[in-house]
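Please read the structure below before turning to the comments.
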Amino acid sequence: MPRLRLYLTWLYTATTSLILALALTSLFLLRIKETRQAQLDQFYATWNSLSFRLTSDTIISQSFLAQAEAASQSVIHIEENGIPLLYHGSWVPFTDRRLLIEKTKELAAAQGILTYTAPVSSSLASTSLLTIKGENQDQYYAMVLVLSHQKTVRSLCYIYYCPPALHVLKKTLIVFFGLGIAGSLCLLFFSWHFVGWSLRPVEESRRKQAEFIAAASHELRSPLAVLRSGAAAMLAAPDQKESLLKTMDAECVRMSHLIDDMLLLASADAKTWDIHIQNTDMDTLLIETYEAFLPVCREKQLTLHLDLPDTSLPNIQADPERIRQLLLILLDNALSYTPAGRQIQIRAQTGTCIKNHCASLIRTKSPANCDAHLAESNFQTRSRHRYLILQVIDEGCGIPDDQKIHIFDRFYRADKARSSKSHFGLGLSIAKELVLLHRGTITITDNPDGGSCFSIILPFSL
């Protein structure tokens, strides 16, 4: 399991980190696109300003050109009748100015724009956007404008330096890289705990399965040992054959019951347990169960009471055979642990309890009268539900509070005093599954007269 947790942690971290990296890369590429667009917008803004100045002003000062170049890191070259303006620039580009100007003129000439020739069809002509690469992998945007101005030919070569996007977004790249590293570390931490949390039910299921197999093997070993020793004794003493066969038959029956219980629980785990819901008369079912179990209690010198309310119990939607099986499990459990001369009681009543209140009863750790717990469920609340409450109350040795939470676990028996050879610790597990099939709850509390009180709480609609 630790290796699986480590593997899944790295898998989740790698997967989510890849998604995070793709998201950050997409954002960074978007920032590059926005940066390029901002550079292009600035190029056109400066170009429009220079074009307007060139067409409207007779004299263009060198201080204006110097400020314009420095502000936009560009090269501005103006000619009049083919003669360059006596201006040498205010900054040094990565490629020689003269080479950039020559490349710009060549590209303009390819579009039919010559800096020393006046436009033919109109007073001015300009090129489309030109892209120039310098000698040091530097890149520039450029445009050329030629116009007729007071019987002269003026031309403007504007070359705008485009700094590399990685250089412009250097801080952004560092921030994104830091976010990626921090995000991956957080994902690693989160994945480790998330995988541990998600594997907890798997580990718990594996542990319970291992315990179930070990307990089943232990329980099956005892009857098998009796069968083997009985067979050996029969070979050694044929005159004791009849008594040995009875013992072996009893062990076979005992082992058959264990296997049946295990198959029932396996069906419950696989969600293949058959249940036939129908309208069930609970008064009739309880009376029949009472009458069927009464001779067994008399044989054990126990008193069995059936306590029903004065009014008829409501019919509920349930599987009557499963409800009868559930009651018989609890009655058999009470019969096994109640001394002779004591009594067992079957009680039924209706009540209201809030949602999740029944589930909280099973977690109680303080000894309490089971009637008090049922009284709690009758207090006023805005979200009430009707419930049928069935109870089996014995006067046995009881169950310690710290063991109540485990009493419905498979193969669990509270202590040696409550263990008997006829019980494997599966009855209450089967009872719990039967209750869950009916969307109910089973709880255990202490009987104030000694013993235990098992309460089955089943919802029903009026």
With criteria (1) in contact with a Phe, Trp or Tyr (Cβ under 8 Å, 6 or more places away or on another chain); (2) not in a helix (DSSP H, G or I), Gln42 comes up short on (2)
Being out of contact with any Ser or Thr (no Cβ under 7 Å at 6 or more places or on another chain), open to solvent by 90 Å² or more (accessible area, probe 1.4 Å) and farther than 23 Å from Arg36 by Cα is the filter here; which residues of segment 175-205 pass it? Leu179, Leu185, Phe189, Phe190, His193, Trp197, Arg200
Considering segment 292-331, residues that are open to solvent by 50 Å² or more (accessible area, probe 1.4 Å), in contact (Cβ under 8 Å) with a residue 40 or more places away in the chain and more than 28 Å from Arg386 (Cα to Cα), and then whichever is farthest from the chain's Cα centre (by Cα), we arrive at Gln301
Taking segment 59-77 on its own, how many of its residues are buried (at least 18 other Cβ atoms within 10 Å of the Cβ) and in contact (Cβ under 8 Å) with a residue 60 or more places away in the chain? 5
In segment 82-129, which residues are touching a residue at least 40 places away in the same chain (Cβ under 8 Å) and open to solvent by 80 Å² or more (accessible area, probe 1.4 Å)? Phe94
Take segment 49-75 and flag every residue that is part of a helix (DSSP H, G or I) and polar (S, T, N, Q). Ser49, Ser51, Thr55, Ser56, Gln62, Ser63, Gln67, Ser72
Report the residue count in segment 130-174 for those that are of a type in the set (S, T, N, Q), open to solvent by 70 Å² or more (accessible area, probe 1.4 Å) and within 29 Å of Thr58 (Cβ to Cβ). 1
Matching residues in segment 425-462 - criterion: being within 16 Å of Asp409 (Cβ to Cβ), modelled with pLDDT of 85 or more, over 30 Å from the mean Cα position of the chain (by Cα) and surrounded by fewer than 22 Cβ atoms within 10 Å (Cβ to Cβ): Ile444
Can you report the number of residues in segment 129-161 which are closer than 11 Å to Glu80 by Cβ and in contact with a Cys (Cβ under 9 Å, 6 or more places away or on another chain)? 0
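The values are calculated or read from the model by the stated rules, or taken from the named source; none is laboratory data. Computed from a predicted structure; not experimentally measured. With ideal geometry, Cβ positions are generated from the backbone for all residues, glycine too; neighbour counts draw on all protein chains shown. Please note that ligands, DNA and RNA were not included when accessible areas were found on the heavy atoms of the full protein model with its side chains. Shrake-Rupley method; radii C 1.70, N 1.55, O 1.52, S 1.80 Å.
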